[in-house]
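Everything below concerns the one structure shown next.
Here, each number is a calculation from the coordinates, and none is a lab measurement. Predicted model only: the values in this text are computed from it and were never measured. Every residue, glycine among them, receives a Cβ derived from its backbone with ideal geometry; neighbour counts consider all protein chains shown.
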Amino acid sequence: MPKALSVGIQAADLGRLAEVAAALAEAGAERLHFDVMDGVFVPRLMGGAELFAALRRVTELPLEVHLMTMHPERHVPAFEGAERITVHAEATPHLHRALAEAERIGARPGVALLPGSHLSGAMGVLEAAEHVLLVAVDPGFPGARFVPAVLKKAKKLKEKLKELDKEGIAVGVDGGVNLENLAAIVEVADFVVSGSAVMKDPGPGENLKRFLAVLEGGRA
């Protein structure tokens, strides 16, 4: 399947949300990634239904929501209008319910795993998931570093999906993705999520073009 990039919009200046979203769309962004952190599942507060609704009003780009919250099945309905909703296997004993809620409101459901989590956390819900997102940093900690072992995990997951005849399930990597490691990541993943590396100088438009060049098989 084609390689794809989701841009983590919250790495932008949130006071210029509409302006940045428009610049990304003009530069060729295909979708925006919206993180929700509850300060419990991960040690940071970020996102929320009100900010998501504001973003939905100022851009026509597809939005995907990554719920890093305890009991995501309780929060999924607040993000109606998302194209894709991803919930963590580690965050609820009711994972099927959370994925079913995402599908009920018209989103493509997916399951996420933290760097230290085993792939078995996703294996039991593959029939209900459109994608599996492998988080490559410990989220919520500023300056968290990319965990290289996630590349091996992604490769193993792709192999397992092939064995199970479920190659239609997309595998993504989120966290610490930059122009230096992008080529290695897309060798084992179908899509990536990057925020800070897209937003930094010389600016989201120029950086996005470099990312897309790598995804299309060229050089940054």
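Working from label points 7 Å from Cα in the Cα-to-Cβ sense, the Ala78 to Leu45 distance is 1.2 nm.
Taking Val58, Val188, Val76 as the candidate residues, the one with maximal mean-square fluctuation in a Gaussian network model of the chain, Cα springs under 10 Å, is Val58.
Residues whose amide H falls under 5 Å from that of Val192, counting only those 5 or more places apart or on a different chain, are Ala4, Leu5, Ser6, Val173, with hydrogens built in the peptide plane. Using the rule -39500 (n - 2.57) for each DSSP H run of four or more residues, divided by the residues of the chain, the 222 nm mean residue ellipticity is -9000 deg cm²/dmol.
Backbone geometry of the stretch 49-60 corresponds, through the Karplus equation with coefficients 6.51, -1.76 and 1.60 at θ = phi - 60°, to 3J(HN,Hα) couplings of 5, 5, 5, 4, 4, 5, 5, 4, 6, 9, 9, 9 Hz, x marking Gly and Pro. As a test, work out the antiparallel percent of DSSP beta bridges whose residues both lie in the stretch 4-215, rounded to the nearest 5. Around 5 percent of the beta bridges assigned by DSSP in the stretch 4-215 are antiparallel ones. Computing FRET efficiency as 1/(1 + (r/R0)^6) for Lys162 and Ala213, where r is the C-beta to C-beta distance and R0 is 22 Å, gives about 0.20.
Sequence-ordered 3J(HN,Hα) estimates for the stretch 111-122 from the Karplus curve with 6.51, -1.76 and 1.60 and θ = phi - 60° stand at 10, 10, 10, 6, x, x, 8, 7, 4, 4, x, 9 Hz, glycine and proline given as x.
Normalising the average separation of contacting C-alpha pairs (under 8 angstrom, six or more residues apart) by the number of residues puts the relative contact order of the stretch 1-108 at 21 percent. Stretched out straight at 0.36 nm per residue, the stretch from Leu14 to Glu30 would grow longer than its current Cα-Cα span by 3.8 nm.
In order along the stretch 79-87, the phi-based Karplus estimate (6.51 cos²θ - 1.76 cosθ + 1.60, θ = phi - 60°) of 3J(HN,Hα) comes to 10, 4, x, 6, 6, 9, 10, 10, 10 Hz; Gly and Pro are listed as x. Normalising the average separation of contacting C-alpha pairs (under 8 angstrom, six or more residues apart) by the number of residues puts the relative contact order of the chain at 20 percent. Distance between the C-alpha centres of the stretch 83-140 and the stretch 46-66: 19 Å, rounded to the whole angstrom. Relative to its Kirkwood radius, the Cα radius of gyration of the chain gives an Rg/Rh of 0.93.
As a proxy for reagent exposure, Leu134, Leu17, Leu126 were ordered by neighbouring Cβ count within 10 angstrom, fewest first; the result is Leu126, Leu17, Leu134. Taking amide hydrogens as placed 1.01 Å from N in the peptide plane, the amide H of Ala112 sits under 5 Å from those of Val87, His88, Ala89, Leu133, each at least 5 positions away in sequence or on another chain.
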